[in-house]
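Quick notes on the structure that follows.
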Amino acid sequence: MKRKDLWLLHFSALFFFLGYILVAPLISPLAIAFGASPFLVGIIASVSSIFAFVLKPVGGILGDKGKSFEAMMIGTILGALAGGFYLLSFFMRSLVIFAVGRVVHGIASAFFFPSSLSTAINLAPKGRVGETLGWRGTMFSLSQLIGPAMGGLVADYFGFHSAFILAILFSLVGFSFVSTAYKEVRTKVKFKESEEKSSSYKDILNLYFVGASISLFFMAFAYSGMYTFLPAYYKIVGLGTSVFGIYASIMGGFSLLTRVFGGREADKRGPIPVASLGLLLITSAYLLLVLYLLPPKAYLSAAILGMGFGLTVPSLQMLALASLPKNIRGMGSSLYTMFYDLGYLSGPLALGYLAEIEGYESVFPYLPMLTFLSLLNLILVRVFRRKKR
């Protein structure tokens, strides 16, 4: 892909994701250090998704009104502000201030994520939507490769405060890329009403959008449980913060191998077969994690997870959003990513309650069940599509 505007957009996503995901492996260890119980750890992990879930329609409406770049710039600034709250919470040793930081980061994602996703689709060359989403997903995978390990290692060797400063800097770099991209394409994402005047928000609720969103929900439910309670489990068995950082980085690294490939295959073969293969890999990886929770054997599940996510994520995005009219794609992106937030906030709460009663290790056998439901849902979408035809 040679388009300068798209690459600026991709790099803005990279640095926003870096600022966001660098903090993720630090949430439960810091909360535990502040005396939080397993259920409270789950609440702290979920609070950003709660606010993102509630406010994403605002970001979607802004995108549909031609303000997608403004929404992304607001998101990056709020990401930097969230890092400031994290930093203050560390020095004040306040779980409440840290929770406020999570709230602000959730609001940041509500503005940034939907607009970034819909704008990438809107600017994609004809017939290459999957590939464009694959490259955008590659930026997310790269942030997973670099961010968690960097956050864990910096926190272990230089302190949590140093990791939070990095999160602030990454968000500000993301802002600079968004503002530069805006100067390049300030008119390319504004659509004439006459082109889409027959489209309304009711058109979002089609078979493909609903099916992709339900699959995303179950996948996010399982992913949030793994991302919240695996580092917590490593913490209580005496392993350092960097151990899960390495796990997440392996996952991100292997996701890099399949993101663009998965997007291109979705362009050629359709998104459902590619997403189904990805979900099969994810389910297998969680089964493997149940058998081998501790490193180094656990790292094999991280590699398979990464490859599965690389195939699934761009394919589900394409399935849900590529067929939507442009003038409602911002709201479509908001609603679609709300299902991710709903899964991501449900996982830590429900599984946190389970961990409170039976221990952290009791969470992991439920993860492959959840992703199998996601796969089963896609199979049903394919069956209904054939009947409809």
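The values are calculated or read from the model by the stated rules, or taken from the named source; none is laboratory data. Quick caveat, the model's predicted, so the values are computed rather than measured. Cβ placement follows ideal geometry from the backbone for every residue including glycine, while neighbour counts extend to all protein chains displayed. Each accessible area value is taken on the protein alone, full model and side chains, heavy atoms only, with ligands, DNA and RNA left out. Shrake-Rupley method; radii C 1.70, N 1.55, O 1.52, S 1.80 Å.
Points worth noting:
- Condition check for Val129: β-branched (Val, Ile, Thr), in contact with a helix residue (DSSP H, G or I) (Cβ under 7 Å, 6 or more places away or on another chain) and in contact (Cβ under 8 Å) with a residue 12 or more places away in the chain: yes
- A single member of Gly83, Gly137 is in a helix (DSSP H, G or I) and under 20 Å from Ser249 (Cα atoms), and it is Gly137.
- Filtered by the rule that a residue be outside any helix (DSSP H, G or I) and either surrounded by 18 or more Cβ atoms within 10 Å (Cβ to Cβ) or of a type in the set (Val, Ile, Thr) (or both), region 362-389 gives Val363, Phe364.
- Where Ser315 falls short, out of the listed (1) hydroxyl-bearing (Ser, Thr, Tyr); (2) open to solvent by 30 Å² or more (accessible area, probe 1.4 Å); (3) modelled with pLDDT of 90 or more: (2)
- When region 336-345 is filtered for residues that are open to solvent by less than 50 Å² (accessible area, probe 1.4 Å) and at pLDDT 85 or above, the ones remaining, listed by number, are Tyr336, Thr337, Met338, Gly343.
- Against the conditions (1) closer than 18 Å to Gly151 by Cβ; (2) open to solvent by 10 Å² or more (accessible area, probe 1.4 Å), Pro29 satisfies every one except (2).
- Number of the condition not met by Leu293 [criteria: (1) outside any helix (DSSP H, G or I); (2) within 17 Å of the chain's Cα centre (by Cα)]: (2)
- Residues considered: Phe158, Phe113. Of these, the only one that is closer than 20 Å to Trp7 by Cα and either among the charged types (D, E, K, R) or open to solvent by 20 Å² or more (accessible area, probe 1.4 Å) (or both) is Phe113.
- The set of residues in region 250-269 that are out of contact with any Gly (no Cβ under 8 Å at 6 or more places or on another chain) and either within 28 Å of Ser28 (Cβ to Cβ) or open to solvent by less than 10 Å² (accessible area, probe 1.4 Å) (or both) is empty.
- Each residue in region 151-163 was checked for being closer than 29 Å to Gly308 by Cα and at pLDDT 85 or above, and 2 pass.
Table: residues versus (1) out of contact with any Gly (no Cβ under 7 Å at 6 or more places or on another chain); (2) under 18 Å from Leu30 (Cβ atoms).
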| site | (1), (2) |
| --- | --- |
| Ser46 | yes, yes |
| Ser49 | no, yes |
| Lys56 | yes, no |
| Met72 | yes, no |
| Phe91 | yes, yes |
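- Total residues in region 164-183 satisfying the condition of being open to solvent by 90 Å² or more (accessible area, probe 1.4 Å) and either at pLDDT below 90 or over 22 Å from the mean Cα position of the chain (by Cα) (or both): the figure is 1.
- Qualifying residue in region 285-306 (condition: surrounded by 22 or more Cβ atoms within 10 Å (Cβ to Cβ), within 21 Å of Trp135 (Cβ to Cβ) and out of contact with any Cys (no Cβ under 8 Å at 6 or more places or on another chain)): yes
- For Ala36: the one exception among (1) within 22 Å of Leu345 (Cβ to Cβ); (2) assigned to a helix (DSSP H, G or I): (2)
- Residue within region 102-125 that is part of a loop (DSSP other than H, G, I, E, B) and within 27 Å of Ala275 (Cβ to Cβ) present: yes
- Residue within region 87-97 that is of a type outside the set (Ser, Thr, Tyr), farther than 22 Å from Gly159 by Cα, touching a residue at least 24 places away in the same chain (Cβ under 8 Å) and surrounded by fewer than 24 Cβ atoms within 10 Å (Cβ to Cβ) present: no
- Within region 54-69, the set of residues being crowded, with 17+ Cβ neighbours inside 10 Å, without any contact (Cβ under 8 Å) to a residue 60 or more places away in the chain and in a helix (DSSP H, G or I) comprises Leu55 only.
- Annotation note: of Gly35, Gly106, the sole residue that is touching a helix residue (DSSP H, G or I) at 6+ places or on another chain (Cβ under 8 Å) and either modelled with pLDDT of 85 or more or open to solvent by less than 50 Å² (accessible area, probe 1.4 Å) (or both) is Gly106.
- All of (1) open to solvent by less than 30 Å² (accessible area, probe 1.4 Å); (2) under 28 Å from Pro25 (Cβ atoms); (3) assigned to a loop (DSSP other than H, G, I, E, B) hold for Leu324 with one exception: (2).
- Test: residue in region 270-284 that is open to solvent by 10 Å² or more (accessible area, probe 1.4 Å) and farther than 25 Å from Gly134 by Cβ: no
- Unique match (being touching a residue at least 24 places away in the same chain (Cβ under 8 Å), open to solvent by less than 20 Å² (accessible area, probe 1.4 Å), among the aromatic types (Phe, Trp, Tyr) and more than 20 Å from Tyr353 (Cα to Cα)) among Phe51, Phe16: Phe16
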